[in-house]
Every structure is written in C-alpha cells, then in structure tokens.
Amino acid sequence: MHSKKIIILLALFAITAITGVSPGALDKGNESEQFIRNRAEKVISERTADYLSSHAVDGSVKIWVFFTDRGIKSRAELDLAADMISQRISARAMKRRAKAGKDHVTIIDVPVKSSYVNAIVNSGAKLRRTSRYLNAASYEAPIGILDQIAALPFVAEIRPMLGYAKKYDVEDRGKDKNSSQSLGSDDLSYGASYGQLNQINVIPAHNAGYNGAGVLVAMFDTGFRTTHTVFQNIIMSGRLIAEHDFVFDDDDVDNEPEDWPSAWDHGTLTWSTLGGSWEGYHYGPAYGADFVLAKTEDIRSETPVEEDNWVAAMEWVDSIGADVISSSLSYTDWYTYEDYDGNTATTTIAADLAAEYGIVVCNSAGNSGPGSGTIGAPADADSILTVGAVYSSGTITSFSSRGPTYDGRIKPEICAQGAGTACAGASSDTDLTSASGTSLSCPLIGGVAAVVISAHPDWTVMQVREAIMMTADNAGTPNNTYGWGIANTWAAINYTFPSYVPGDADGSGYVDIDDVVFIINYIFGGGPAPDPLQAGDADGSGTIDIDDVTYIINYIFGGGPPPVGK
C-alpha cells in the first residue's frame, strides 16, 4: 500500500509538473456537470475594469454576467426537472448526444434562472442574450452600476462581452467564372472545384456514395444568398432544415433592408465551399448534407462578430441536432496569448462543450500568420478541428495562423486549400468566384467531417477527429504550421482503430489517469507490463518511458493527439 501511494503521488506530481496546474483543477471533463460555481475572489477583475473603462460608449459597456447556479443544485433536483427540460431537446439532438454518453438531461440543459436575469435588468441593464451553456447572460449596462451588479450574491463573475473586427483583407475575391477545368468523378463534373476536392481526396468517397447525406451541418457566418444556383438542390430537396438571423432575431438569413449589400457575401462563399452543388461548375465535399444556417455577424458594425450571437447560435444548433459546425471566425480583442489555453475564452469554452455533447466543431485558425502563437479563440479549443490554409500546391499560406496554444498544444489540427478556393459569389444567383483565407479552408474540412460521419454515423466526435488527423499527410510529424497535415477523406473513412486501445495500459478499455499510474508503476515500481505491451507505448516511439506519461496527460487534459501505440 505504501508503494502504491508513492506511485500515485508520482503520477500526480507528473501532472502538476507537465501541465503547470494542480490535479484538482483538471476536471474539465465534468465541467458541464457543475451545479454550483463559486464567486470569483474579485467579481470584476482589475483587467476587466480597465478594459471596460476604456471601451465605454456613451457611458455604457457590454458585459457577460456569470451566475453561481441555475436554481438546481444537485443531481436529485435535476432528475426531478428532467422530463420538462427534455422536451426542449429534439430527438435528433438526443440521438447525437447518445454517442457521447449524454443520452440524458444534464445541467447545461437547464435555462439560466430568470429571477437572476431580471434582477440585473431591474438594476438598469439591458438584456442581450442568455446562455445555458455558460450559465450567463450578456447585457449592455451603464458602467456606473457594475459594482451594484457585482454585489449580487448570485453573480459569480463579470467579464467584457467582446466583439471582433474581422479582417477580410486576405480574402480578396478573384473571378473564376470561366474556368475550363471540368474534371470529375465517375458520376460528377466538378468544374473549378475539382482541385481543392482532389487535394483532400474526397472524390473516391463521392464515388463510393458518401457525400454527407443524413448529416446535419450548421454554418455560422454573415448571411447567405440562399437563392444562388449552387444551393437550389438543397432547397428543393428540403435539406435546409432551419435558418436564423441572430443579428435581427428573425428567420431570414438572406440580405434584409437594414443590411449592407455585402452582408451575405462571406456566408455564400463558405456555404458553397462546404455544400454547394452545380453540375459541371462546382461541388462542395458534403453536397448531400442537411443544413442549418446561422447569421451571427453584423458587418455594419466595426466589431461584426460578437460573442453572444455566436454562443447563442451554438446552443440553437445543438438543440436542433447539428452533427457538424463550420465557423470561420476568430476572436483576439480582449484576449492575450496567455488566454489561448483552451480553458479561458468564452467561445472556446462553448466550442468544447459542443464537442462534449457530440458536435464536430470546425473553426478557422485565423489569418494572422506566419508568426507562432497567432491563433485566436475559439481556435484554441482542445476538442475541435482548427483549420489552416494551404495553396493548391500543398504549401502553407503565409497568412495561415500558427500554434502553439499557450499551454503548448499543436495548432492547427488539419489543413485544406485556402488560397484561390473555388466558391460561389453573392453578386448574382449564378456568380462563381474564388477566395482566399482560412475562412475557405475551414468549410472544406467541415465537409470532410460530414462525409466521414455519413460513412460512419456511429463514430463519436473524438473518433471522427482522430480518423481525420491520423490519416492526414503530416500525421507522423505534426507541427504548428501544418498540424497533422492536409486531410485525406477516403483514408479517414477507411481508418482502422487499433484492436487494443492505445494508451490503455491497464486494459480497462479507456484512457484515463489510471493508465498514468499503471505506466509509472511499470517503469519505476516493477509493476506488471501493459498487455499487449504496445498499449502502453502512447507516443509510438517503440519504447515505454516517461514520455508516454506526458503524452497521455496531454491527451486527457490538454486536448493533445490521441495515443497511437506501435
């Protein structure tokens, strides 16, 4: 018993040394089951106060208010309320969640407590949105009442509610309407989109009948020209399941009278890249998928992308049952590099929760390269696919943002063509064009994820993520430029998970902290060997050593790559 305690202490020491945090803080896997949140030592930190004081407009600021609880403070209370809460979740969503072991109501399904929200409104703040994911609400509030709000006993923390001034300068459009390229598969003529699809090896998947059919993909963007020819097969076959404008709070994602004429430009580019179809001219990788469209960005503003719209859209598509989210945005305003640790930024937390509940989230890395550590939020999330951009030649673009995250994880995970990417333009219903940016490589990977899921509807988020990453062309030597490399859709579909679970040293069927203890006991304590031995070789080096301990800890707590075995 004494030696076992020493081994466990060694394991805990290893966690602390490697991650820089105490083991008690590494409970992210249970984040969504947190019933009570303690009040921060300073509900308004000095950093928040400084930011808000310098960003007040006419004496008002935009804030997130995070609450201590939802009025339900235990599993027993949640079980009593489960029947009523479950009625708000679609059957499609519950089926998807079941793959992630979430086939029951959890605490994040409980709405924000209305009396808490209203108390802050009564203090003089204007409500923007509530978030069940975050147990928070966003407000516009006079800066003079923040101390009054902070004093309320159910307020855990106040943060700035951010907007991001998106950079479109790298995404200059280049007309490609008259491209003579019309190569195709056995059944399809791809036109100018052939090269970008061939690069990610999706054409064999199309030939085999996998095109995203039955998969629900959510697009987050500025708006969409839904009347464009490339979308008409989706519309006519009833595969546009839902749409919502989070800017004007209606169900029309096309341009409206209040919009700038260019509002729908960017969303038309990205949606067509992922799922458009026009025989002889253009195809997206997931041209057979179902879609929900969320207009989350208001380009009339200097800060068109606002966090609360994005989080609200994520919760909406979760409840509908989305399997994949494609989001071409990045937040860098208030955050510093130290915040890109996978646990801090509001949108990062929301993205990881979506992944925890069964959604494959694909997000652009950003266009701030080539320097290291240039990703933003939520690209630092540890359970998503962050997407970099390459040229048609396969070389990384100069603008593609690079990792690592602040806690040392590799970013991006995966790459696709993001320079001269063929897509549909919004200037007319027949406009075809090309564009550049990680905004364009991201929907290509979103399409890859949908195609892989259409081939393997029972695969979990982490299995889809693993298959895409481990079959990419740089999987053997991942780095912070290419990540695991350019995706290979057909190889991902045919990926074979090992007969044993790599990293599962103790044979439990799962990779967890017990495997860290097992390996340390094997290396230093003369304990039993993993069976088979290669199950303990998490990093695939051919030997079992302390590096495997580091690798497993990074996988469990840091969103690192899955163990590969040997």
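The values are calculated or read from the model by the stated rules, or taken from the named source; none is laboratory data. Everything quoted here is computed from the prediction, not taken from an experiment. When we count neighbours, we look across all protein chains shown, and the Cβ atoms used for this are built from the backbone with ideal geometry, even at glycine.
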Quick one: count up the residues across the range 505-534 that are at pLDDT 90 or above and within 29 Å of residue 449 (Cβ to Cβ). 1
I'm told residue 468 meets every condition in (1) part of a loop (DSSP other than H, G, I, E, B); (2) modelled with pLDDT of 90 or more except one. Can you identify the failing condition by its number? (1)
Unique match (being over 23 Å from residue 206 (Cβ atoms), crowded, with 24+ Cβ neighbours inside 10 Å, touching a residue at least 60 places away in the same chain (Cβ under 8 Å) and not aliphatic (A, V, I, L, M)) among 268, 296, 273: 296
Could you tell me whether the range 430-439 includes any residue that is in contact with a Phe, Trp or Tyr (Cβ under 8 Å, 6 or more places away or on another chain), at positive phi and crowded, with 21+ Cβ neighbours inside 10 Å? yes
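Being polar (S, T, N, Q) and within 29 Å of the chain's Cα centre (by Cα) is the filter here, so list the residues in the range 38-73 that pass it. I'd like the intermediate steps shown before the answer.
The initial filter retains those residues of the range 38-73 that are polar (S, T, N, Q), namely 38, 45, 48, 53-54, 60, 68.
38, 45, 48, 68 - these are the residues of the range 38-73 that are polar (S, T, N, Q) and within 29 Å of the chain's Cα centre (by Cα).
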Which of (1) over 19 Å from residue 350 (Cα atoms); (2) part of a loop (DSSP other than H, G, I, E, B); (3) at pLDDT below 95 is the odd one out, the single condition residue 35 does not satisfy? (1)
Which numbered condition residue 220 fails, given (1) surrounded by fewer than 23 Cβ atoms within 10 Å (Cβ to Cβ); (2) in a strand (DSSP E or B); (3) aromatic (Phe, Trp, Tyr): (1)
Can you name the residue in the range 192-230 that is in contact with a His (Cβ under 7 Å, 6 or more places away or on another chain) and not hydroxyl-bearing (Ser, Thr, Tyr) and is also nearest to residue 292 (Cα to Cα) among such residues? 221
Here are 243, 279, 256: which of them is assigned by TED's automatic domain parsing to the domain that holds residue 426, touching a Leu at 6+ places or on another chain (Cβ under 6 Å) and either among the acidic types (Asp, Glu) or more than 23 Å from residue 364 (Cβ to Cβ) (or both)? 243
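Pull up the range 310-341, narrow it to residues that are among the hydroxyl-bearing types (Ser, Thr, Tyr), in contact (Cβ under 8 Å) with a residue 12 or more places away in the chain and outside any helix (DSSP H, G or I), then point me to the one that is nearest to residue 359 (Cα to Cα). Before the answer, list the steps.
Just the residues of the range 310-341 that are among the hydroxyl-bearing types (Ser, Thr, Tyr), to begin with: 319, 326-328, 330-332, 335-337, 340.
In the following step, the residues that additionally are in contact (Cβ under 8 Å) with a residue 12 or more places away in the chain were identified as 319, 326-328, 330-332, 335, 337, 340.
Now restrict to residues that are outside any helix (DSSP H, G or I): 326-328, 330-332, 335, 340.
Values: 326: 10, 327: 12, 328: 16, 330: 19, 331: 21, 332: 24, 335: 25, 340: 21 Å.
It comes out as 326.
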Can you tell me which residue in the range 125-134 is surrounded by the most Cβ atoms within 10 Å (Cβ to Cβ), limited to those that are in contact (Cβ under 8 Å) with a residue 24 or more places away in the chain and touching a Pro at 6+ places or on another chain (Cβ under 8 Å)? 125
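Closer than 17 Å to residue 40 by Cβ and either assigned to a loop (DSSP other than H, G, I, E, B) or over 30 Å from the mean Cα position of the chain (by Cα) (or both), is that true of residue 145? Please lay out each step first, then the result.
Numbers: closer than 17 Å to residue 40 by Cβ: no; either assigned to a loop (DSSP other than H, G, I, E, B) or over 30 Å from the mean Cα position of the chain (by Cα) (or both): yes.
Criteria not met by residue 145.
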Could you grab me the full set of residues in the range 263-285 that are touching a helix residue (DSSP H, G or I) at 6+ places or on another chain (Cβ under 8 Å), closer than 28 Å to residue 345 by Cβ and not in a helix (DSSP H, G or I)? none
Only unsatisfied item for residue 561, checking (1) touching a residue at least 60 places away in the same chain (Cβ under 8 Å); (2) assigned to a loop (DSSP other than H, G, I, E, B); (3) touching a Gly at 6+ places or on another chain (Cβ under 7 Å), is (3)
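If you go through the range 531-544 one residue at a time, do you hit one that is more than 33 Å from the chain's Cα centre (by Cα) and in a helix (DSSP H, G or I)?
Going through the range 531-544, the residues more than 33 Å from the chain's Cα centre (by Cα) turn out to be 531-533, 543.
Pick out the ones that are also in a helix (DSSP H, G or I) and you get 533.
Yes, that holds for at least one residue.
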Search the range 137-151 for residues that are in contact (Cβ under 8 Å) with a residue 12 or more places away in the chain and pair each with any residue that is aromatic (Phe, Trp, Tyr) when their beta-carbon atoms are under 8 Å apart and the residues are at least 6 apart or on different chains. 137/64; 137/67; 137/116; 138/64
